[in-house]
Amino acid sequence: MGRRAWNLLLVYVYTHYFFASLTAHITAMYATFGAVAIAAQAPAYLVALVFAYASNLMMPITHYGGAPAPIIFGAGYVTQNEWWRLGFITTLVNLCIWTFIGGAWWKILGLW
């Protein structure tokens with residue numbers, strides 16, 4: 001994945017901090033970011049898959065972004081700052097695994 005595509009993906013994922021729900025974020029940004037990536041000559045099939053998977057990988061970023069997060073956060077085991085720090089790290093690690101290792105595997109399979 002090229003540097004521009006990686007930057008676009010990071011912006012897409014980490015702007016989730018500004019949305020109250022995963023559904024609102026995906027509805028507002030998935031099609032727009034997909035269109036930008038495709039206009040930049042990225043393979044459409046790959047763009048659709050990467051942004052779809054990234055939409056699920058960004059759930060742990062915030063304590064309010066995914067359905068189970070408020071319940072887990074409400075138990076009081078972690079502070080909000082700790083949740084956001086660990087969510088950032090977890091999401092970054094998952095994105096690296098899915099884009100680099102997964103992208104190589106998709107290339108071997110001929111998906112792009």
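Helix 22-39: angle to the longest alpha-carbon principal axis of the chain, degrees 0 to 90, nearest 10?
Between helix and principal axis, roughly 20 degrees.
Residue 78 to residue 36: extension gain in nm, 0.36 nm per residue of separation minus the Cα-Cα distance?
11.4 nm
Can you compute the helix-only [θ] at 222 nm over the chain? Use -39500 (n - 2.57) per DSSP H run of at least 4 residues, normalise by all residues, nearest 500 deg cm²/dmol.
About -21000 deg cm²/dmol.
Keeping every protein chain in place, order 30, 77, 45, 14 by accessible area at 1.4 Å, biggest value first, i.e. largest first.
Result, largest first: 77, 45, 30, 14.
Looking at (i) 1.19; (ii) 1.05; (iii) 1.11, which value of Cα Rg over 2.2 N^0.38 Å comes from a calculation on the structure shown?
Of the listed options (i) 1.19; (ii) 1.05; (iii) 1.11, (iii) comes from this structure.
The values are calculated or read from the model by the stated rules, or taken from the named source; none is laboratory data. Not measured: the values here are computed from a predicted model. Keep in mind that these areas ignore ligands, DNA and RNA; they rest on the heavy atoms of the full protein, side chains included. Shrake-Rupley method; radii C 1.70, N 1.55, O 1.52, S 1.80 Å.
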